Every structure is written in structure tokens, then in C-alpha cells.
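In what follows, a single structure is set out as C-alpha cells and then discussed.
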Amino acid sequence: MQKEQSMVSVREGGAIAKKQLALRDHLWPGAGTYVWDRKAHKGFTTIPKTMPLILRIMDEMTKGAPVSSTYMTLWCSTWDNGFVQVVKPSEMAFASGFGGQRGEHTWAGRMKKLEELHFISLKAGKAGPMTHALIHNPHLVLRWHHENKSTGLMEASYNALIALALDVGAMDLFPTPAPAVPPAPPPPARTAAEVFGALPPLPTGASPSSPTDDGAA
């Protein structure tokens, strides 16, 4: 079922993209020469269309210590494999918006917060305790937080995420329904002997169609 929904979403997305491209070229003739195209330019990453709401929810869950810029910097450092090697923490901190003497310290605090909320996992290496980072599927993480009623998760924002996920076909945000269990087949028919047991043997000389008449002369 989920595979069928994904295929439908891909087909619908292709039709929408064609319509939008036609409208764009009508409004801005020749726009294709001066817009960024991932098929023509190198140095890109892939992100879910739900990312703006994911980032909003993250910051709501870490009120007073937003983590979205740190998370987005990590995401843009992957090669579409969910894995980041943080060789130069100071550069990661700067790209995340944290500069000055305490920039790297602040960035490290945001990284720890992302790990506490299960958005990432960290492993130590040559650059320190945060050398290696694994980015978990944010849809699965947020679904877990919703199921566990985590503190800071705003219902309105999560519902907006659900609506957008349905619009773009991001079905990984929804639990996979358990396969229907077919009913058990009926038992095979049984003979009367199997149901009631074997019949007792007939008396000697008796006929099953002519019972003995004790009153006959």
C-alpha cells in the first residue's frame, strides 16, 4: 500500500513540476539560464520538503536555545548518506551562526541538545567527542516524540507537518499498517465415523435393513 502511494505521489509530482515550469517560463521567459539547477550544478544536498516545519518544531522543543541552524549545517555537510565527519568544529560553529570566543562552545551545546532529542547520534574521533555524527530520519524522530508526548512538541506545528507530509507524499511520517491476517481456512470435512466413532459390530446373522422381531412365531 505504501509503495503504491509513493508511486502515485511521484506521478503527481511530475505533473505538478511540468505545470509550474510552464508557468515560470511564461512569467519569466528564459529563467532557466539564471536559476540554480541541481541537475546542472554541483555541490547540492537533498532535503525533504517538510524541512521548514521540521526546523520550526526543533526550535520550539529547545526554546531559548534554537538548534535549527546547527542541524541544517550538519545536513548540508552530508553526501546524502546521513553521515558527517566534523573535522573542523570551529568552521561548523561559524556556519551555524556561532562566532567569537564562545562560538564553538555554544555550537557544542546545540549538538548535545540535538543528540538528547534523538535527532542525531555522536561518536568521538580525532577532532574530539563530536567528530562523527549520524543524522536520523527526522520524520521518524518526530513521530516518536509525538507518540511519547515529549515536552515542547506543539500540537499545532505537528499537525501542520502531518498535513504537509500528506500533500508531498512523505509517508515515512506515518506508521506502516500491519498486514491483514487472512481468516483461517475451514477444517476439512469429516466422515460420520470420525465424528461419532466407529459403529459397533452387528450381531451374528443380523441384517442392517431387517432388524430381529422377537415377537414373530
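The values are calculated or read from the model by the stated rules, or taken from the named source; none is laboratory data. Here the structure is a predicted model, which is why all the values come from computation and not from measurement. Here the Cβ is made from the backbone with ideal geometry for all residues, glycine too, and neighbour counts use every protein chain on show.
Every condition in (1) assigned to a loop (DSSP other than H, G, I, E, B); (2) in the same structural domain as Glu115 (by TED's automatic domain parsing); (3) under 26 Å from Ala170 (Cβ atoms) is met by Trp36 except one, and the failing one is (2).
Filtering Thr106, Thr70 for residues that are of a type in the set (S, T, N, Q), crowded, with 18+ Cβ neighbours inside 10 Å and assigned to a helix (DSSP H, G or I) leaves a single hit, Thr70. Within the range 87-103, being in a loop (DSSP other than H, G, I, E, B), at pLDDT 95 or above and among the hydrophobic types (A, V, I, L, M, F, W, C) holds for one residue alone: Phe98. Of the residues Gly43, Gly64, Gly82, the single one that is at positive phi and either surrounded by 14 or more Cβ atoms within 10 Å (Cβ to Cβ) or hydroxyl-bearing (Ser, Thr, Tyr) (or both) is Gly82.
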